[in-house]
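Here it is, the structure, as structure tokens.
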Amino acid sequence: MSKLPVVIFGNGTFSDLAWYCLTHDSDFQVIGFTVDRAFLSAEVHEGLPVVAFEDLPRYHPPDKVRLLIPLGYRAINGLRRERYRAAKAQGYEFISYVSSRASIWPDLRVGENCMIYEHAIIQPFACIGDNVIVRSGAHISHHCSVADHAFVAAGVTLGGNVTVGEQAFVGLGAVVRDGLVLAERSLIGAGAVVLANTEADGVYVGNPAQKTGRSAREATER
């Protein structure tokens, strides 16, 4: 049985990692990469062809391949959201990757264009939206909800019944108390301990986490 062909968006470290995981731990076959024309610096990446995203339908029509867009949290996950929506508007469908080394349950609901990495723990009654990244060793407790376009970094711990809003970013090793709501586009800094609900577009750091004067967009422009 032939493997489903996949094209990965990007030529940076997140895309390299996605290529490696799909190659060694999935039933998908990566057949190429695509990037915005302005970033098309080489025609081959990881031994596979690279084409401009603007020309993607000519080289890889929507009815022939699936896409994976594993971009990071730039512009508070806005860049990944924009490319996902642009590809969807062109008729592309997406895969999701769940590591064979992740700890999940059979009824876990995972949306499209998601990546769940090794040793992530996702407990019963949790759900993951579309276009979400859950990095290695994250613990997503029971009844948690991670909304579309969010990013949960390595080592994060979410208590039970936490809601992570659209485009929110939860940084390395952060801890979020049970029952809280992280508002859309919240940015939780590395190692922060969140003990109260957050506000949209806010940046929170420290233990206990406090809101800073910067916006999440400003903090993730690079």
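Report yes if some residue within the range 165-174 is in contact with a strand residue (DSSP E or B) (Cβ under 6 Å, 6 or more places away or on another chain), buried (at least 24 other Cβ atoms within 10 Å of the Cβ) and not in a strand (DSSP E or B); otherwise report no.
Checking the range 165-174: at least one residue is in contact with a strand residue (DSSP E or B) (Cβ under 6 Å, 6 or more places away or on another chain), buried (at least 24 other Cβ atoms within 10 Å of the Cβ) and not in a strand (DSSP E or B).
How many residues are in contact (Cβ under 8 Å) with a residue 24 or more places away in the chain and surrounded by 21 or more Cβ atoms within 10 Å (Cβ to Cβ) when one looks only at the range 98-116?
Matching residues across the range 98-116 total 2.
Among the residues of the range 46-61, what is the count of those that are outside any strand (DSSP E or B) and of a type outside the set (Asp, Glu)? Full working, then the answer.
To start, the set of residues in the range 46-61 that are outside any strand (DSSP E or B) comprises 46-47, 53-61.
Next cut, of a type outside the set (Asp, Glu) only: 47, 53, 56-61.
Qualifying residue count for the region: 8.
Mind checking which pairs have a first residue in the range 11-38 that is assigned to a helix (DSSP H, G or I) and a second that is acidic (Asp, Glu), Cβ under 8 Å, 6 or more apart or different chains?
Listed by first residue and then by second, the contacts come to Asp16/Glu46; Trp19/Glu46; Arg37/Glu54; Arg37/Asp55.
Does Glu82 count as among the charged types (D, E, K, R), under 30 Å from Val170 (Cβ atoms) and modelled with pLDDT of 95 or more?
yes
In the list Ala183, Ala200, which residue meets the criterion of being surrounded by fewer than 24 Cβ atoms within 10 Å (Cβ to Cβ), at pLDDT 95 or above and out of contact with any helix residue (DSSP H, G or I) (no Cβ under 9 Å at 6 or more places or on another chain)? Please lay out each step first, then the result.
Numbers: Ala200 fails: out of contact with any helix residue (DSSP H, G or I) (no Cβ under 9 Å at 6 or more places or on another chain).
Within the list Ala183, Ala200, the selection yields Ala183.
The values are calculated or read from the model by the stated rules, or taken from the named source; none is laboratory data. All figures in this text were calculated on a predicted structure; none of them were measured in a lab. Note that each Cβ is placed from the backbone with ideal geometry, even for glycine, and that neighbours are counted across all protein chains shown.
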